[in-house]
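**Student:** Take a look at this one; I'll ask things after.
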Amino acid sequence: EDAADESNVSAELIAQRKRLVDEWNAWRLRAKEELAEERKKRGKKVNDEKAPEEEKEEIQVWIDEVIEQIEEVIIE
Amino acid sequence: MRPILLQGHERSLTQIKFNREGDLLFSCSKDHVINVWFTDNGERLGTYDGHNGTVWTIDVDSQSRFLVSGSADNTMRLWSVETGKCLYEWEFPTAVKRVAFSEDDDQVVCITEQRMGHQGAIRVFDINREGDGTDQSSEPISFFNPTGSKAVVCAFAHDPSLIITGHESGKVALFNAKTGEEVQGNTRAHLDQVTDLQLSPDRSYFVTSSKDKTARLHDTRTLLVLKTYSTETPLNSAAISQGKPYILLGGGQDAMSVTTTSLRQGKFETRFWHMVLEEEVGRVKGHFGPVNTIAVHPKGTCYASGGEDGFVRVHHFDESYFRAKPYGDLEIED
């Protein structure tokens, strides 16, 4: 969470990251369009990713088991 | 983030896979056994018994109805996920190193090993989903031998008429699933053997890991390398995370620290890399040997790693993981 503290990240790096993200997003949007296009050509319905959220089962299981606890004693 | 340790395998893990909902985790190992576990609490739901050799590879269909497995006993088997029964068995002259279902679950592609007078081969089978699943054809609908370096990993591409392959030489290629013709190839995708290949949900890009210590993100259509993640250790597995734009990498230990750290300490790490920024985000330690296989829950709520040490570790992410924005407010398209 202290990662939210960006003060030590240079403006240059921020700009660089923004550029990378913009490039990626542009590529993704283009790729998604082309993919939808190709799917249509194959006569398949376009998978609209966000299919209605399936009903969720609520399962409550309480298990708390210590799996490993290693204590190391360092003797000088 | 206290991991759940799945104990049940006696030898090193070879591949792990979540089902589509992510409530089940399948694992296979050199101990000849395939296990299925509840992701939630790590309880073992059952086993798929029958192989007489290392089970190298598994895949589960999108309905969690059929499981397919490939083994060093030279068979590929189809299992009923629910009952654990083996429904069908295909026999080959050599070991089966990789299997994968198509998007529509109606086909399976497999790689058989190159050995003693047998070329490495890729076969595609139709899967008959009618009835109880025992009525399968023993003959592949296509069969071909990629020339040059042998294929070690494979999957159906965004277009099910294409098969993506990763090779021993580091090459990545696209083959026509019917004719076996190489449609596209990138011989310099990696400098050493490709060890894993996992696709994005829409199959339009994929990640490969390699012994050359890098993992790479590729555009499925063009095979252009989009991103490179360079580490200090040979990599065995790479997975694309959901929800967060991360790539998870697992492998050995860097040569420098082998002499300084004890194996007993569980120093083998899963590395998290930012998919777009190509920066390392963090590491999770735990295994007592190299990490052989990694899978991310389809909703990104947890991930699992299978090690040379025979353990599977399931890590459910803490709330802070979802809240953290280590790189500020960047909106990234999936």
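Rule-based calculations on the coordinates, nothing more; no lab input. Just so you know, these numbers come straight off a predicted model, no measurement behind them. Cβ coordinates were reconstructed from backbone atoms using ideal geometry, including for glycine residues, and neighbour counts include every protein chain displayed.
**Student:** Calculate one ³J(HN,Hα) per residue across the stretch B:55-71 by plugging θ = phi - 60° into the Karplus curve 6.51 cos²θ - 1.76 cosθ + 1.60, and present them in order as whole Hz with x for glycine and proline.
**Tutor:** 8, 7, 7, 9, 8, 10, 6, 6, 9, 6, 9, 10, 10, 10, 9, x, 9
**Student:** Within 10 Å of each residue's Cβ, count the other Cβ atoms and sort B:GLU168, B:GLU130, B:GLU181 from fewest upward.
**Tutor:** B:GLU130, B:GLU181, B:GLU168
**Student:** Given the options B:THR57, B:THR47, B:THR147, which has the most mean-square fluctuation in a GNM of chain B, springs set between C-alpha atoms less than 10 angstrom apart?
**Tutor:** It is B:THR147.
**Student:** Provide the net charge surrounding B:THR165, with neighbours chosen by a C-beta distance below 11 Å and charges set as Lys +1, Arg +1, Asp -1, Glu -1.
**Tutor:** Charge balance near B:THR165 sits at +1.
**Student:** Starting with the fewest neighbours, write out B:TRP79, B:TRP56, A:TRP62, A:TRP27 ranked by other beta-carbon atoms found within 10 Å of each beta-carbon.
**Tutor:** Result, fewest neighbours first: A:TRP62, A:TRP27, B:TRP56, B:TRP79.
**Student:** Please report the relative contact order for chain B, taking Cα pairs under 8 Å with a sequence separation of at least 6, and give it as a percent rounded to a whole number.
**Tutor:** 13 percent
**Student:** If amide H atoms are built 1.01 Å from N in the plane of the peptide, which residues on other chains or at least 5 residues away come under 5 Å of the amide H of B:LEU24?
**Tutor:** HN-HN under 5 Å from B:LEU24: B:ASN19, B:THR39.
**Student:** Which whole-Hz couplings ³J(HN,Hα) result when phi for each residue of the stretch B:87-95 is put into the Karplus expression 6.51 cos²θ - 1.76 cosθ + 1.60, θ = phi - 60°, listed in order with x for Gly and Pro?
**Tutor:** 8, 7, 9, 9, 10, 10, x, 9, 5
**Student:** With just the Cα atoms defining each centre, how far is the stretch B:165-181 from the stretch B:188-213? Give it in Å.
**Tutor:** After rounding, the separation between the Cα centres reads 13 Å.
**Student:** Still on this structure: Given the options B:ARG216, B:ARG115, B:ARG20, which has the most mean-square fluctuation in a GNM of chain B, springs set between C-alpha atoms less than 10 angstrom apart?
**Tutor:** So, out of B:ARG216, B:ARG115, B:ARG20, the one fluctuating most is B:ARG115.
**Student:** Do the sum for chain B: with -39,500 (n - 2.57) for every DSSP H run of n ≥ 4, divided by all residues, what is the mean residue ellipticity at 222 nm, to the nearest 500 deg cm²/dmol?
**Tutor:** -500 deg cm²/dmol
**Student:** Which whole-Hz ³J(HN,Hα) couplings does the stretch B:165-178 yield from phi under the Karplus relation 6.51 cos²θ - 1.76 cosθ + 1.60, θ = phi - 60°, glycine and proline marked x?
**Tutor:** Per-residue couplings from phi come out as 10, x, 10, 4, 6, x, 6, 10, 9, 10, 10, 5, 5, 8 Hz.
**Student:** Strictly greater than 17 Å: what percent of every Cα pair in the stretch B:1-125 meets that?
**Tutor:** For the stretch B:1-125, the share of Cα pairs beyond 17 Å comes to 54 percent.
**Student:** How many percent of all Cα-Cα pairs in the stretch B:3-323 sit more than 31 Å apart?
**Tutor:** Values: 12623 of 51360 pairs.
The proportion of pairs with Cα distances above 31 Å equals 25 percent.
**Student:** A further question on this structure: Under the rule a/c < 1.5 gives rounded, and otherwise a/b versus b/c splits prolate from oblate, where does the protein assembly as shown land using the Cα gyration tensor?
**Tutor:** rounded
**Student:** Ok, one more. Could you work out Rg/(2.2 N^0.38 Å) for the stretch B:87-169, with Rg from alpha carbons only? Write down the numbers at each step before the final one.
**Tutor:** Numbers: Rg = 12.9 Å, N = 83, 2.2 N^0.38 = 11.8 Å.
Ratio of Cα Rg to 2.2 N^0.38 Å: 1.10.
**Student:** Further question: Using amide H atoms built 1.01 Å from N in the peptide plane, name the residues 5+ places from B:SER64, or on other chains, whose amide H lies under 5 Å from its own.
**Tutor:** The list, which skips near neighbours in sequence, is B:ARG20.
**Student:** Using amide H atoms built in the peptide plane, which far-off residues or other-chain residues are under 5 Å from B:VAL183 H to H?
**Tutor:** Long-range HN contacts for B:VAL183: B:LEU174, B:PHE175, B:ASN176.
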